[in-house]
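The values are calculated or read from the model by the stated rules, or taken from the named source; none is laboratory data. What you are looking at is a predicted structure, and each value in this text was computed from that prediction instead of being measured. Cβ coordinates were reconstructed from backbone atoms using ideal geometry, including for glycine residues, and neighbour counts include every protein chain displayed. Note: areas computed on protein heavy atoms with side chains; ligands, DNA, RNA excluded. Shrake-Rupley method; radii C 1.70, N 1.55, O 1.52, S 1.80 Å.
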Amino acid sequence: MTQRFTVENISSRVEKIIHSQIGSDTPLSLDTNLQNDLDMDSIELVELGVNLENEFNTPIPDADVRRCAT
């Protein structure tokens with residue numbers, strides 16, 4: 001069965017991963033800054049990249065993960 005990717009589906013899955021990783025249900029928006037608002041450090045950003053790669057079964061280059069801000 002092929003899974004449909006919609007903006008809502010992807011957003012929900014990404015939010016679930018972030019909430020699980022930071023251990024909080026802090027409200028998120030497209031303006032939420034991962035480092036400034038959620039206090040994620042560089043190691044946590046790499047972990048987030050790995051978690052997203054696993055969830056969506058697609059590689060994310062390290063350079064792109066380091067550029068993630070929101």
Hits in region 21-35 (condition: in contact (Cβ under 8 Å) with a residue 24 or more places away in the chain and open to solvent by 70 Å² or more (accessible area, probe 1.4 Å)): 30, 31, 35
Members of region 51-62 found to be more than 9 Å from the chain's Cα centre (by Cα) and open to solvent by 50 Å² or more (accessible area, probe 1.4 Å), listed by number: 53, 54, 55, 57, 58, 59, 61, 62
